[in-house]
Amino acid sequence: MEPVQLLAPDGTLRSDPRWPLDVTAELCRDFYRRMTLARCFDNESLALQRQGELGLWLQSLGQEAAQVGSITALRSDDYVFPSYREHAAALCRGITPAELLVQWRGNQHSGWDPVRYRFHIYTLVLAAQLPHATGYAMGVQRDGTEEIVAAYFGDGSSSQGEANEAFNWAAAAGAPLLFFCQNNQWAISTPTQTQMRASLHQRAAGFGLDAHLVDGNDVLAVHAVTSAVASQIRAGGGPALIEAITYRMAGHSTSDDPGRYRAPGELDTWQNLDPITRLETLLVDRGWLDAEFRDGLEQECAALAAETRRICRELPLGDVTSLFGTVLAQETPLLAEERRQYEALVASYVD
Ligand SMILES: Cc1ncc(C[n+]2csc(CCOP(=O)(O)OP(=O)(O)O)c2C)c(N)n1
Ligand SMILES: [Mg+2]
């Protein structure tokens, strides 16, 4: 299967009758704006981590098209289960920089109200969100509403038992669920080729999922495919999986040095496929990137960066012991003892 592509790396647009999309100036500018703002926020967060203001940061650099193209194809009340790198998608849902950073500064366990944004908290335990999403989608199915559910995960996570259980369970139940894999070629230092023999979309079809492969650095293709697949799920067509071929242009996290395992030249190859540059080529070609729009976006980016720097330093310190109160409805004696020990430890810190 060839990945669906509507916008070639050189900016040439082609249409595909199977994946219709009304490519307007407004749509392209909106995608360009969202992707540019996400990258700007990501760069700023990286800088904050390097300055010691964040404990850790996992960049979404290079994956903006996969995230923006897909999340904008969903309705705002479709419930989403992300993994941990979905900052561009989170920003599209209206989650604020403060809400996104507080967890990575180590001040709170998570930063936002998942019910308000219809966007679940980040899951760092690989693939744990996939059975959760399946169960949630089965609930939605029983409610009989028009809502569908989407779950983001990575190529490496697709090797987890939970992922494969979720694929099978969702397929068997006919749950209204979209599995969206960002195949960014790496699971920390393990390349996709080492991780699997059959590609994910092939495996997905074997589970009975409606499986698709898309160029994840082509925001138009991602959007067209996700829109069509989401409509099909909403109409009762059962679960589907989209594998988006993209690239993690940074290290796995700020604790990782990809120079130790990545072949020289690999990044250059993918830089030529940069999703933002690709859309920019189209915008310039069509005369849709006028000075007013460009200046406005530059100012918006500068304001977002400044706001991100400001709020990061001011983030309130949460109650770290609250974790003990949110796991079980009734505290067990063992948990109570552990809580007391932990509270004593925290109280013993001088600063
Ligand atoms: C159950 C589990 N095993 C191992 C890890 C350690 N770990 C964190 S991220 C990661 C790689 C994940 O790769 P992928 O799913 O492709 O996502 P990506 O980081 O590329 O977005 C690993 C092995 C973990 N967080 N959870
Ligand atoms: Mg990966």
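Some observations on this one:
- Projecting the Cα atoms of LEU289, GLY69, LEU178 onto the charge dipole of the chain (Cβ charges, centred on the Cα centre) puts LEU178 farthest toward the positive pole.
- Projecting the Cα positions of ALA163, SER322, ALA25 onto the charge dipole of the chain (unit charges on Cβ atoms of Lys, Arg, Asp and Glu, taken about the Cα centre) puts ALA163 furthest along the positive direction.
- Prolate is the label for region 41-148, because a/c, from the alpha-carbon gyration tensor with a ≥ b ≥ c as root eigenvalues, is 1.5 or above and a/b exceeds b/c.
- Helical contribution to [θ] at 222 nm, DSSP H n ≥ 4, -39,500 (n - 2.57), averaged over the chain, rounded to 500: -14000 deg cm²/dmol
- Surface share of carbon and sulfur [accessible, 1.4 angstrom probe, percent] for region 25-318: 49
- In the full protein context, the chain carries 45 Å² of accessible surface per residue, based on a 1.4 Å probe and ignoring ligands, DNA and RNA.
- Here region 101-130 is scanned for amide nitrogen atoms under 18 Å from the site 7 Å beyond the Cα of GLU307 along Cα-to-Cβ, giving 101-103, 111-113, 117.
- Per-pair calculated FRET efficiency, R0 = 51 Å: ARG339 and ASP295 via Cβ, rounded to 0.05: 0.40
- Placed amide H near TYR152: partners under 5 Å, 5+ positions off or other chain: PHE81, SER83, PHE180
- Stokes-Einstein diffusion coefficient of the chain, Kirkwood radius over Cα pairs, 25 °C, 0.890 mPa s, in µm²/s: 115
- Label zone at ALA172, where the point sits 7 Å out along the Cα-to-Cβ direction: region 129-146 residues whose backbone N lies under 17 Å: 130-139
- Electrostatic dipole magnitude of the chain [Cβ: Lys, Arg +1; Asp, Glu -1; Cα centre; debye, to 20]: 380
- With a simple spin-label model that places each label point 7 Å from the Cα along the Cα-to-Cβ direction, the separation between ASN43 and ALA329 comes to 5.0 nm.
- The HN-Hα couplings worked out from phi for region 190-199 by the Karplus form 6.51 cos²θ - 1.76 cosθ + 1.60 (θ = phi - 60°) are 9, x, 4, 4, 6, 7, 8, 9, 9, 5 Hz, whole numbers, x standing for Gly and Pro.
- Remark: relative contact order (the chain) = 25 percent; criterion is Cα-Cα distance under 8 angstrom and separation of 6 or more residues.
- Using the Cβ-Cβ distance between ALA235 and GLU2 with R0 set to 25 Å, the FRET efficiency works out to roughly 0.45.
- Estimated vicinal HN-Hα couplings, Hz - region 237-253 in sequence order (Karplus 6.51, -1.76, 1.60; Gly, Pro = x): x, x, x, 9, 10, 10, 9, 9, 7, 9, 8, 7, 7, 10, x, 4, 8
- FRET efficiency, 1/(1 + (r/R0)^6) with R0 51 Å, evaluated for THR321 and VAL23 via beta carbons: 0.45
The values are calculated or read from the model by the stated rules, or taken from the named source; none is laboratory data. Remember, predicted model here, so these are calculated numbers, not experimental data. Positions of Cβ are backbone-derived with ideal geometry, glycine not excepted, and every protein chain shown enters the neighbour counts. Heads up: the accessible areas ignore ligands, DNA and RNA and are worked out on the full protein's heavy atoms, side chains in. Shrake-Rupley method; radii C 1.70, N 1.55, O 1.52, S 1.80 Å.
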